[in-house]
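Worksheet for the structure shown next.
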Amino acid sequence: QQHKFSYKNPKEQPAKADLVRQKEFVENYLKLLSGTPKNEPKLFMDSVHPTMASKSSRGWIREGKDKILLTSASRTRMNISGVIELSTMKTVIESYETINGETTISFLEKVQVIIEVGKWLNFQRRMG
């Protein structure tokens, strides 16, 4: 007889998700887009710091047996900055040893050239 179960991962949802605030954000974002001149670039930028490491999950394993997952002892951390320009879908992605003010400015300078945002992207060097 079938047990009517399937082996799968659960669906995840951020524990602090607030659907009302998310809806408000989308509404405000759409207003912002509709009020922005068409020739003005619309950029989204973020930096991430993923760690590459083995991660075990669940799976069907025969009773009384162990399934060995070979892992590495090192955890390699990456530092990545990226930007996307929404009207052209052009992207710029760079990897850095670390993410700080200096690398962020360097990244924005590359964005300015590659995406040709010219006068729209204004920032100042304020180092040390």
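Here is the figure for segment 45-72: residues that are modelled with pLDDT of 90 or more and either surrounded by 10 or more Cβ atoms within 10 Å (Cβ to Cβ) or more than 21 Å from the chain's Cα centre (by Cα) (or both) total 3.
Give me the residue from segment 41-59 that is touching a residue at least 40 places away in the same chain (Cβ under 8 Å) and of a type in the set (A, V, I, L, M, F, W, C) and, out of that set, nearest to S106 (Cα to Cα). First the steps, then the outcome.
Within segment 41-59, the first condition is being touching a residue at least 40 places away in the same chain (Cβ under 8 Å), and the residues that meet it are 41-45, 47, 49, 57-59.
Then keep just the ones that are of a type in the set (A, V, I, L, M, F, W, C); that gives 43-45.
Details: L43: 16, F44: 17, M45: 14 Å.
Ranking the qualifying residues of segment 41-59, first place goes to M45.
Restricting attention to segment 73-88 and to residues that are touching a strand residue (DSSP E or B) at 6+ places or on another chain (Cβ under 6 Å) and open to solvent by 70 Å² or more (accessible area, probe 1.4 Å), the residue that is modelled with the highest pLDDT turns out to be R77. Look at segment 83-112: where a residue is closer than 14 Å to D46 by Cβ and without any contact (Cβ under 8 Å) to a residue 24 or more places away in the chain and a partner is open to solvent by 80 Å² or more (accessible area, probe 1.4 Å) and not in a strand (DSSP E or B), sitting 6+ places away or on another chain with Cβ atoms under 6 Å, you get V92/I114.
The values are calculated or read from the model by the stated rules, or taken from the named source; none is laboratory data. Everything quoted here is computed from the prediction, not taken from an experiment. No Cβ is skipped: glycine too gets one built from the backbone with ideal geometry, and neighbour counts run over all protein chains shown. Calculation scope for accessible area: heavy atoms of the full protein, side chains included, ligands and nucleic acids excluded. Shrake-Rupley method; radii C 1.70, N 1.55, O 1.52, S 1.80 Å.
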